[in-house]
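The values are calculated or read from the model by the stated rules, or taken from the named source; none is laboratory data. Model, not experiment: these values are computed from the prediction. Please note: Cβ atoms are built from the backbone with ideal geometry, for glycine as well, and neighbour counts cover all protein chains shown.
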Amino acid sequence: MINPSVAYQNSDVIVVGAGAAGLFGAIACAEAAVANSLPLRIHILEAGREPLTKVRISGGGRCNVTHACFDAAVLVNQYPRGNKALRGPFSRFQPQDTVAWFEQRGVRLKLRPMAACSQQPTIRAR
């Protein structure tokens, strides 16, 4: 990984953390830059040895991606301590948006409504 001080001097965007949210944000920035013909230097800083470590172990190693609950009003009730705060974000970007985002990039997800999760079809994170 790049030294943080080098990244600071040579970046337009610095993403701290190479987990799911960090990489999603970096990809979104890069795609927006390309769509607007803007040169953009993005650096991702990660303290761990590898990116996406927690994603690979989620769901018992099956790489859970999102919920298969597509009703925001029902979904927020799965988060009792934050359901009010999540109503706005879940109404703007819902699990079906996550599924569509992956499918637009050639990653087909396996939906498992009974388990309330979506996974890669191989059921393996790697």
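Remarks
- Qualifying residue in the range 41-55 (condition: closer than 21 Å to Val99 by Cβ and basic (Lys, Arg)): yes
- Test: Arg92 is surrounded by fewer than 11 Cβ atoms within 10 Å (Cβ to Cβ) and not assigned by TED's automatic domain parsing to the domain that holds Asn10: yes
- Extreme residue, surrounded by the fewest Cβ atoms within 10 Å (Cβ to Cβ), among residues of the range 8-34 that are in a helix (DSSP H, G or I) and among the β-branched types (Val, Ile, Thr): Val34
- Across the range 93-110, a minimum of one residue is classified as touching a strand residue (DSSP E or B) at 6+ places or on another chain (Cβ under 9 Å), more than 27 Å from Ala32 (Cβ to Cβ) and of a type outside the set (Gly, Ala, Ser).
- Single residue of the range 40-70 satisfying the filter (surrounded by 13 or more Cβ atoms within 10 Å (Cβ to Cβ) and charged (D, E, K, R)) that is nearest to Ala28 (Cα to Cα): Glu46
- Where a residue in the range 83-106 is of a type in the set (A, V, I, L, M) and its partner, wherever it lies, is at pLDDT below 90 and surrounded by fewer than 14 Cβ atoms within 10 Å (Cβ to Cβ), with Cβ under 9 Å and at least six apart: Ala85/Tyr79; Leu86/Tyr79
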